[in-house]
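Asks: Have a look at the structure that comes next, please.
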Amino acid sequence: MKKVVSIAVFFAAAIPAAQFAAAQGETYPGRPVRLIVAFPPGGSVDAVARLVGPPLSASLGQPMVIENRSGASGNIGTELAARAKPDGYTLIIHTIPFVANAHLYERMPYDPIADFAPVSLLCSSPAVLIVHPSVPARSVGELLQLAKAKPGALNYSAAGAGTNPHIAGELFNMLGNVDIVAVQYKGGGPALVAVLGGEVGITFQNISEAVPHVNSGRLRALGVTSAKRAAALPEVPTVAESVPGYEFVTWHGVLAPKGTPREIVVLLNEKLRAVLRSPELSARFAQMGLDVIASSPEEFSAHLKKELDKWGRVIKERRMRVE
C-alpha cells in the first residue's frame, strides 16, 4: 500500500492538540488511554502493541495501558471495544479475524465496518509455513506430496478458529488441493509451542515469531506466504512457487469505537504515523520482518472492506464455521 499523505494529516498538523476536548470537557488526552489486545500475550498482535505502546504514550503524554482480553477468536475483546465510550480513551489493535469473524460466526456482537472508526493500518508481514524437524518434508512440494498421499493424516496448529494461522492453512488446503487438519489452540503462543514440542507437525506463523526458531534449527521453514521472498529469510522460497496464487499477508491496525470525535481520530493517526516512521521503531519493526505502513484512516477503511470480501470468499469455499 502506498504511503499517501492525507488531508486529515494536514489538518491534524494545523490544529494544536490542546484544542481537542473530550466529551467531559477535558483536553484530550487528559488521562491514560487503554489499548485492547483481543488475543493472548505472546502472539504477533500483542508484540506489535507492546512495540507501539511506549513511544505512543510518550508522544501523547499519557500512559498507554495495554489490556489483553482474549477469547472467541478476538470477539470478546472486540465487543468490549465496540461498546466502550467513544471518547478516545479506549482503542483496539487488531488483525485479520477482525473482518474474518463476520463470515465465521452466525451471530456477531459487532459489525467490523459500522461499529468502528479506523485510526491507522500500522504494518504488515508475511507468515512462514514451518514444520517440526520430524516432518519428512523439506519443501512445500514435498509437503503437498505427503498430504496428498495421506489425506487428513497431517495436522497444523492454529491460534483459534478464524485466526491468522487458521485462515492461512485453509487457503493452503484450498489452493493446494490437500486436507491438512487444523488443531485449535488458545492463542498464537500455544500454537507455536505445540509445533516446537512436536505435538503438531505444521503451522503458519508470523515471520517475527518464526525466524528465531528457524535460525536455531528447532523448526524448518518451507515457504513464506507473501508474493515475494522475505528479507528476513531470503533463502526460503515463497509458498506460491509451489502453490500458484497463494498469498497471505497479515496486518495490524488500530481502531476506535464508532462515534469517536473525528479530531481525536486525526490526532491519534498523526501521533501513530510519526511514531511508526521514527528511525528507532522502524529499525525494530524491520528486525521483526514487519513492513511499516502508517496509513491514513481512509486508507485503513478501504483496506478493511477489501479484506472482508477476500477472506469471506475463502471461508465460504472452505465451509469454515464457528458456532
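Asks: Quick check, is S295 open to solvent by 10 Å² or more (accessible area, probe 1.4 Å) and small (G, A, S)?
Replies: It is false that S295 is open to solvent by 10 Å² or more (accessible area, probe 1.4 Å) and small (G, A, S).
Asks: How about the range 201-307: which helices (runs of 4 or more DSSP H) wholly inside it have at least 1 residues that are among the hydroxyl-bearing types (S, T, Y)?
Replies: Filter on the range 201-307 gives 207-216, 279-287.
Asks: Let me ask something additional. Residues that are over 23 Å from R273 (Cβ atoms) and at pLDDT 95 or above, at least 3 per element: which helices (runs of 4 or more DSSP H) completely within the range 17-104 meet that?
Replies: Filter on the range 17-104 gives 75-82.
Asks: Return the residues of the range 115-156 that are out of contact with any Pro (no Cβ under 9 Å at 6 or more places or on another chain), in a loop (DSSP other than H, G, I, E, B) and not hydrophobic (A, V, I, L, M, F, W, C); say none if nothing qualifies.
Replies: H132, P133, S134, P136, R138, K150, P151, G152
Asks: Could you please find all residues in the range 39-90 being among the charged types (D, E, K, R) and open to solvent by 50 Å² or more (accessible area, probe 1.4 Å)?
Replies: The answer is R50, R69, E79, R83, K85.
Asks: Taking the range 212-251 on its own, how many of its residues are among the polar types (S, T, N, Q), more than 17 Å from A147 (Cα to Cα) and in contact (Cβ under 8 Å) with a residue 12 or more places away in the chain?
Replies: The number of residues fulfilling the criteria is 4.
Asks: On the given criteria, is R262 at pLDDT 95 or above, over 21 Å from H132 (Cα atoms) and surrounded by 21 or more Cβ atoms within 10 Å (Cβ to Cβ)?
Replies: So R262 fails the test.
Asks: Which of the residues belonging to the range 172-196 are in contact (Cβ under 8 Å) with a residue 40 or more places away in the chain and either in a loop (DSSP other than H, G, I, E, B) or on the phi > 0 side of the Ramachandran plot (or both)?
Replies: Result: K186, G187.
Asks: Exactly one condition in (1) touching a residue at least 60 places away in the same chain (Cβ under 8 Å); (2) open to solvent by less than 30 Å² (accessible area, probe 1.4 Å); (3) not acidic (D, E) is not met by A114; state its number.
Replies: Result: A114 passes all but (2).
Asks: Okay, next question. Can you pull out the residues in the range 270-323 that are at pLDDT below 90, hydrophobic (A, V, I, L, M, F, W, C) and within 19 Å of L121 (Cα to Cα)?
Replies: The answer is A286, M288, L290.
Asks: Then there's this: Find all pairs meeting these conditions: Cβ atoms under 8 angstrom apart; at least six residues apart or on different chains; first residue within the range 283-306 and touching a residue at least 40 places away in the same chain (Cβ under 8 Å); second residue among the charged types (D, E, K, R) and in a helix (DSSP H, G or I).
Replies: Matching pairs, first to second residue: A294/R273.
Asks: To continue, here is another question. So, in the range 179-220, exactly how many residues are open to solvent by less than 40 Å² (accessible area, probe 1.4 Å) and either among the acidic types (D, E) or closer than 24 Å to R318 by Cβ (or both)?
Replies: Looking only at that region, the number is 18.
The values are calculated or read from the model by the stated rules, or taken from the named source; none is laboratory data. Computed from a predicted structure; not experimentally measured. Don't worry about glycine lacking a Cβ; one is built from the backbone with ideal geometry, like all the others, and counts go over all protein chains shown. These area figures cover heavy atoms from the full protein model, side chains too; ligands, DNA and RNA do not enter into them. Shrake-Rupley method; radii C 1.70, N 1.55, O 1.52, S 1.80 Å.
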